[in-house]
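Take a look at the structure below.
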Amino acid sequence: MERHCRILGTLELSTLYWCGKHINIVPPAGSGSEFFNYKGYHSMVLLGLVNANYQFLLADFGTNGRHSDGGVLHNTTFFEKLLNEELNIPFADNIEGSSKQLPYVFVCDDAFPLRTDMLKPFRQSHLDCYEKKIFNYRLSRARRIVENAFGILANRFRVFHTQINIEPKKIEKIVMASCALHNFLIVNSPTSYALQKCFYQEDIANGSITTLGYNVENSNMHSLDRRNSGNIANRAKQVREDFMNYFCNEGTVPWQNKFIA
């Protein structure tokens, strides 16, 4: 199956979030187990790179569901260019209000690898200190952006609540068009397309979450599962620790302690 990638926006120096979802499909006749995933159904995978305004900057679609979740990113043109240093990502820079230099990174969930250019949370079994809990809170707060973006997409385009039963090439057109229309509507009709209830919100005064916003739980989109951590480069671990230390010192926000147990 051919994979399709579309650049839907400009990569700017703001927070960027990666997320991937299985899109439930009816497999074409004669495809056998080509699209059958480990979750027990047939799917194709949508990877989305989202900015802080809930817009899809890049959509990569078409990887067969039979691929392991950990290998989906490696099957993209984006990752090939990332490895070959062809994305023009700036070098490490000084953080505002600090003398420290930190690299530009993509915010990811546990389905993605930990790299010097990709931040992911510590696993629950490794949350053995205050600093790691703060890091996970700050990262999860950021990652809500991409989860809400996928949630709005799934809830506004109800085809994602079905098992899509057309040929794969047409599925690609539907998915890509949905992402493009999502971007258009969230800019041009925000009050009707993306109401306030669509978004994650906190009450920072008492440390409570007032709404989780839209998500994909009631749709036929399903999140990629966490990958086996394998052998993580020491430099990638150090970058995560550098961000953790920044969040607990110069980069602290006054309410963060209220959101950790």
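The values are calculated or read from the model by the stated rules, or taken from the named source; none is laboratory data. Everything numeric here is computed off the predicted structure, so don't read it as measured data. Note: ideal-geometry Cβ built from the backbone for every residue, glycine included; neighbour counts use all protein chains shown. With ligands, DNA and RNA removed, areas are computed over all heavy atoms of the protein, side chains included. Shrake-Rupley method; radii C 1.70, N 1.55, O 1.52, S 1.80 Å.
In whole angstrom, how long is each semi-axis of the equivalent ellipsoid of segment 111-221, when you take the square root of 5 times every eigenvalue of its Cα gyration tensor and sort them from largest down? Working shown, then result.
On the way: eigenvalues 183, 76, 31 Å².
The answer is 30, 20, 12 Å, longest axis first.
Output the relative contact order of the chain, whole-number percent, from Cα pairs under 8 angstrom with separation of 6+ residues.
24 percent
Local charge sum around S99 (other residues, Cβ-Cβ under 15 Å, Lys/Arg +1, Asp/Glu -1)?
Values: positive: K100; negative: D93, E96, D242, E250.
Surrounding charge for S99 is -3.
May I ask for the net charge around W18, where only other residues with Cβ less than 12 Å from the Cβ of W18 are counted and Lys, Arg are +1 while Asp, Glu are -1? Don't skip to the answer; put the middle values down first.
Details: positive: K21, R115, K120, R143; negative: D60, D109, D110, D117, E147.
Net local charge, W18 excluded: -1.
Any chance you could check the Cα centroid distance between segment 130-190 and segment 66-105 for me, in angstrom?
Result: 21 Å between the Cα centres.
Taking the Cα atoms of the chain, what is the range of coordinates along each of the three principal axes, in descending order and whole Å?
Principal-axis extents of the chain (Cα, largest first): 57, 42, 35 Å.
With every protein chain in place, what's the accessible area of M118 (1.4 Å probe, Å², nearest 10)?
0 Å²
If you scale each eigenvalue of the Cα gyration tensor by 5 and take the root, what three semi-axes come out for segment 88-147, rounded to whole angstrom and sorted largest first?
Details: eigenvalues 88, 47, 25 Å².
Semi-axis lengths for segment 88-147 are 21, 15, 11 Å.
Using a 1.4 Å probe on the protein heavy atoms only, what accessible surface does H161 show? Give it in Å² to the nearest 10.
Taking all protein chains as shown, H161 has close to 50 Å².
Under a Cβ-Cβ cut-off of 14 Å, what is the net charge of the residues other than T252 that fall near it, where Lys and Arg count +1 and Asp and Glu count -1?
Working: positive: K100, K133, R138, R141, K258; negative: E96, E131, E250.
Combined, the nearby Lys, Arg, Asp and Glu give +2.
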